[in-house]
1. Can you work out ³J(HN,Hα) from phi for every residue in segment 11-21, in order, using Karplus 6.51 cos²θ - 1.76 cosθ + 1.60 and θ = phi - 60°, giving whole Hz and x for Gly and Pro?
2. Could you give the length gained on full extension between Leu124 and Met1, defined as 0.36 nm per residue of separation minus the Cα-Cα distance, in nm?
3. Among Leu2, His107, Ala40, whose Cα sits farthest toward the positive end of the charge dipole of the chain (+1 at Cβ of Lys/Arg, -1 at Cβ of Asp/Glu, about the Cα centre)?
4. Which angle from 0 to 90°, rounded to the nearest 10, does the C-alpha axis of helix 134-143 make with the longest principal axis of the chain?
5. Once you keep just the Cα pairs under 8 angstrom separated by 6 or more residues, what percentage relative contact order results for the chain?
6. Suppose only helical runs count, i.e. DSSP H with n ≥ 4. What mean residue ellipticity at 222 nm does that imply for the chain under -39500 (n - 2.57) per run, divided by all residues and rounded to the nearest 500 deg cm²/dmol?
7. Per residue, how many Å² of accessible area does the chain show with a 1.4 Å probe?
8. Against the longest alpha carbon principal axis of the chain, how many degrees, from 0 to 90 and to the nearest 10, is the axis of helix 121-132 turned?
Amino acid sequence: MLRQYGAIPFTFLKEEPLVLMITSRTHERWIFPKGAIEEAETPVDAAHREAFEEAGVRGRALPDCSHDVKGVKQLPDGPRDLLVTYFPLHLTEQVDDWPERKRRDRHWVTLADARKIAGGQDILHVLQGFESFLPKLQNIASAR
(Lines give C-alpha, C1' and ligand atoms only; values in the text may rest on other atoms or scores of the structure.)
Protein backbone atom coordinates (compact mmCIF):
# COMPACT_ATOMS: atom_id res chain seq x y z
CA MET A 1 0.00 0.00 0.00
CA LEU A 2 1.28 3.45 -0.90
CA ARG A 3 1.48 5.99 1.95
CA GLN A 4 1.11 9.74 1.52
CA TYR A 5 0.44 12.85 3.58
CA GLY A 6 -1.64 15.85 2.64
CA ALA A 7 -3.04 19.18 3.73
CA ILE A 8 -6.49 20.70 3.75
CA PRO A 9 -5.73 24.42 3.56
CA PHE A 10 -8.52 26.36 5.25
CA THR A 11 -9.53 29.77 6.49
CA PHE A 12 -12.73 31.46 7.60
CA LEU A 13 -14.53 34.31 5.87
CA LYS A 14 -16.51 35.69 8.78
CA GLU A 15 -18.03 32.44 10.11
CA GLU A 16 -17.91 30.56 6.78
CA PRO A 17 -15.16 27.94 6.42
CA LEU A 18 -13.33 27.96 3.09
CA VAL A 19 -10.98 25.26 1.79
CA LEU A 20 -8.39 25.54 -0.95
CA MET A 21 -8.69 22.89 -3.64
CA ILE A 22 -6.24 22.31 -6.46
CA THR A 23 -6.44 20.46 -9.72
CA SER A 24 -4.69 17.16 -10.20
CA ARG A 25 -1.73 17.26 -12.58
CA THR A 26 -4.00 16.15 -15.41
CA HIS A 27 -6.60 18.80 -14.47
CA GLU A 28 -9.24 16.04 -14.37
CA ARG A 29 -10.03 16.29 -10.64
CA TRP A 30 -10.28 18.83 -7.83
CA ILE A 31 -8.25 17.51 -4.90
CA PHE A 32 -6.16 18.60 -1.90
CA PRO A 33 -2.34 18.77 -1.86
CA LYS A 34 -0.71 15.46 -0.97
CA GLY A 35 2.38 13.40 -1.67
CA ALA A 36 4.98 10.98 -0.41
CA ILE A 37 7.14 11.70 2.58
CA GLU A 38 10.77 12.56 1.86
CA GLU A 39 13.83 11.46 3.79
CA ALA A 40 14.14 13.06 7.25
CA GLU A 41 10.62 14.55 7.05
CA THR A 42 7.85 14.05 9.55
CA PRO A 43 4.32 13.54 8.25
CA VAL A 44 3.47 17.16 9.18
CA ASP A 45 6.60 18.39 7.36
CA ALA A 46 5.48 16.50 4.24
CA ALA A 47 2.00 18.06 4.43
CA HIS A 48 3.53 21.55 4.77
CA ARG A 49 5.84 20.95 1.81
CA GLU A 50 3.08 19.58 -0.42
CA ALA A 51 0.78 22.51 0.43
CA PHE A 52 3.45 24.97 -0.65
CA GLU A 53 4.68 23.08 -3.73
CA GLU A 54 1.23 22.28 -5.11
CA ALA A 55 -0.93 25.17 -3.86
CA GLY A 56 1.42 28.01 -2.87
CA VAL A 57 0.17 28.25 0.70
CA ARG A 58 1.71 28.07 4.13
CA GLY A 59 -0.01 27.64 7.42
CA ARG A 60 -0.22 25.93 10.74
CA ALA A 61 -0.92 22.20 10.48
CA LEU A 62 -3.17 20.74 13.14
CA PRO A 63 -2.01 17.14 13.71
CA ASP A 64 -4.58 16.46 16.43
CA CYS A 65 -7.30 16.95 13.77
CA SER A 66 -5.78 14.61 11.18
CA HIS A 67 -7.67 11.81 9.52
CA ASP A 68 -6.88 8.95 7.16
CA VAL A 69 -8.52 8.39 3.81
CA LYS A 70 -8.14 5.30 1.66
CA GLY A 71 -8.05 5.58 -2.10
CA VAL A 72 -6.52 4.19 -5.24
CA LYS A 73 -3.62 5.75 -7.13
CA GLN A 74 -3.36 5.10 -10.84
CA LEU A 75 0.23 4.25 -11.74
CA PRO A 76 1.72 3.30 -15.14
CA ASP A 77 1.84 -0.36 -14.04
CA GLY A 78 -1.74 -0.30 -12.73
CA PRO A 79 -3.76 0.88 -9.73
CA ARG A 80 -2.35 0.69 -6.20
CA ASP A 81 -4.12 1.05 -2.86
CA LEU A 82 -3.31 4.34 -1.17
CA LEU A 83 -3.62 5.61 2.40
CA VAL A 84 -3.36 9.37 2.91
CA THR A 85 -3.27 11.17 6.25
CA TYR A 86 -4.65 14.68 5.84
CA PHE A 87 -3.89 17.53 8.23
CA PRO A 88 -6.03 20.68 8.35
CA LEU A 89 -3.71 23.60 7.56
CA HIS A 90 -4.82 26.97 8.92
CA LEU A 91 -3.75 29.54 6.31
CA THR A 92 -1.07 32.06 7.26
CA GLU A 93 0.31 32.95 3.80
CA GLN A 94 -0.62 32.59 0.13
CA VAL A 95 1.89 33.43 -2.59
CA ASP A 96 1.38 34.20 -6.26
CA ASP A 97 4.40 32.23 -7.46
CA TRP A 98 4.88 28.64 -6.29
CA PRO A 99 6.67 25.56 -7.69
CA GLU A 100 3.67 23.93 -9.45
CA ARG A 101 1.87 27.16 -10.44
CA LYS A 102 2.00 26.32 -14.15
CA ARG A 103 0.80 22.75 -13.61
CA ARG A 104 -2.19 23.29 -11.29
CA ASP A 105 -5.10 25.60 -10.69
CA ARG A 106 -6.23 26.51 -7.18
CA HIS A 107 -9.60 27.67 -5.95
CA TRP A 108 -10.97 28.72 -2.53
CA VAL A 109 -14.43 27.26 -2.06
CA THR A 110 -17.13 26.88 0.56
CA LEU A 111 -17.69 23.37 1.87
CA ALA A 112 -20.93 23.10 -0.13
CA ASP A 113 -19.08 24.00 -3.34
CA ALA A 114 -16.19 21.69 -2.41
CA ARG A 115 -18.62 18.78 -2.22
CA LYS A 116 -19.95 19.67 -5.68
CA ILE A 117 -16.54 19.77 -7.37
CA ALA A 118 -14.81 17.03 -5.33
CA GLY A 119 -12.83 14.82 -7.66
CA GLY A 120 -14.03 11.48 -6.34
CA GLN A 121 -15.30 9.56 -3.35
CA ASP A 122 -11.92 9.84 -1.62
CA ILE A 123 -12.11 13.65 -1.68
CA LEU A 124 -15.66 13.51 -0.31
CA HIS A 125 -14.27 11.43 2.59
CA VAL A 126 -11.56 14.05 3.13
CA LEU A 127 -14.27 16.71 3.39
CA GLN A 128 -16.34 14.61 5.79
CA GLY A 129 -13.34 14.18 8.07
CA PHE A 130 -12.56 17.89 7.90
CA GLU A 131 -16.16 18.82 8.73
CA SER A 132 -16.12 16.58 11.80
CA PHE A 133 -13.42 18.85 13.26
CA LEU A 134 -15.08 22.18 12.37
CA PRO A 135 -16.04 23.24 15.92
CA LYS A 136 -12.46 22.69 17.08
CA LEU A 137 -11.03 24.42 13.98
CA GLN A 138 -13.28 27.46 14.50
CA ASN A 139 -12.04 27.76 18.09
CA ILE A 140 -8.41 27.53 16.97
CA ALA A 141 -8.93 30.11 14.22
CA SER A 142 -10.73 32.58 16.47
CA ALA A 143 -8.04 32.25 19.17
CA ARG A 144 -5.35 33.63 16.83
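1. Rounded to whole hertz, the list is 8, 10, 10, 6, 9, 8, x, 10, 10, 9, 10.
2. Stretched out fully, the Leu124 to Met1 stretch lengthens by 42.2 nm.
3. His107
4. 60 degrees
5. About 31 percent, as a whole number.
6. Computed ellipticity for the chain at 222 nm equals -8500 deg cm²/dmol.
7. That works out to 53 Å² per residue.
8. 30 degrees
The values are calculated or read from the model by the stated rules, or taken from the named source; none is laboratory data. Everything numeric in this text was worked out from a predicted model, so none of it was measured. For neighbour counting, all protein chains shown are included, and Cβ atoms are generated from backbone atoms with ideal geometry for every residue, glycine included. For the accessible areas, the whole protein counts, side chains as well, though only heavy atoms, and no ligand, DNA or RNA atoms are used. Shrake-Rupley method; radii C 1.70, N 1.55, O 1.52, S 1.80 Å.
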